[in-house]
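What follows is a single structure, written as structure tokens, with notes after it.
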Ligand code: RTP
Ligand code: MG
């Protein structure tokens, strides 16, 4: 298994609830390495590009409204098999399927305000890292 990079983002609800430190701690304890990070307000155009795979879904506007509603903490993390393992650490999208011990299972009870985003495949990771960090990568 090769060393991978993934894009993770603490969503506005997670930043407001001050769980950024806990989330960083979980990934550091697992042995992953942070390669880039920034606290930022999300321009609507960036949010729409980020979630473009969902643009025909009924929840798209609500999703973009939510992601642009307050600062997010965007990050690039690196490690062995991190794309899949980060998704496991995040927990399922549906709150009733998010296991206790996962980030969403510990913090989220709704499908819309679910604390964290993580790339879902190598191609998404590559696209999202370029989209959010462009030339800023360390
Ligand atoms: P994310 O992209 O944010 O990491 O979440 P995900 O992969 O677990 O889920 P995805 O299917 O990509 O959906 C993106 C976000 O859209 C919201 N959603 N709402 N109302 C609904 O049925 C619904 N379905 C999805 C969620 O907030 C999800 O994180
Ligand atoms: Mg997704």
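Odds and ends about this structure:
- C-alpha center-to-center spacing [segment 1-34, segment 57-83] in angstrom: 12 Å
- Both the radius of gyration and Dmax for the chain are 13.9, 38 Å, in that order, over alpha-carbon atoms.
- Remark: spin-label model distance residue 16-residue 34 equals 2.3 nm, labels positioned 7 Å along the Cα→Cβ axis.
- Rounded if a/c under 1.5, otherwise prolate or oblate - segment 81-137, Cα gyration tensor axes: prolate
- The residue 2 and residue 69 beta-carbon pair, evaluated with R₀ = 41 Å, returns a calculated FRET efficiency of approximately 0.70.
- Length gained on full extension, residue 84 to residue 62, computed as 0.36 nm times the residue gap minus the Cα-Cα distance: 5.3 nm.
- Residue-averaged 222 nm ellipticity for the chain, from DSSP H runs of 4+ at -39500 (n - 2.57), nearest 500: -11000 deg cm²/dmol
- Averaged over residues, the count of other Cβ atoms within 10 Å places the peptides 99-106, 3-10, 51-58, 82-89 in the sequence 3-10, 82-89, 99-106, 51-58, highest first.
- In percent, rounded to a whole number, the relative contact order of the chain is 37, using alpha-carbon pairs under 8 Å and six or more apart.
Each value in this text was obtained by applying a stated rule to the coordinates, not by laboratory testing. Source: prediction; values computed, not measured. With ideal geometry, Cβ positions are generated from the backbone for all residues, glycine too; neighbour counts draw on all protein chains shown.
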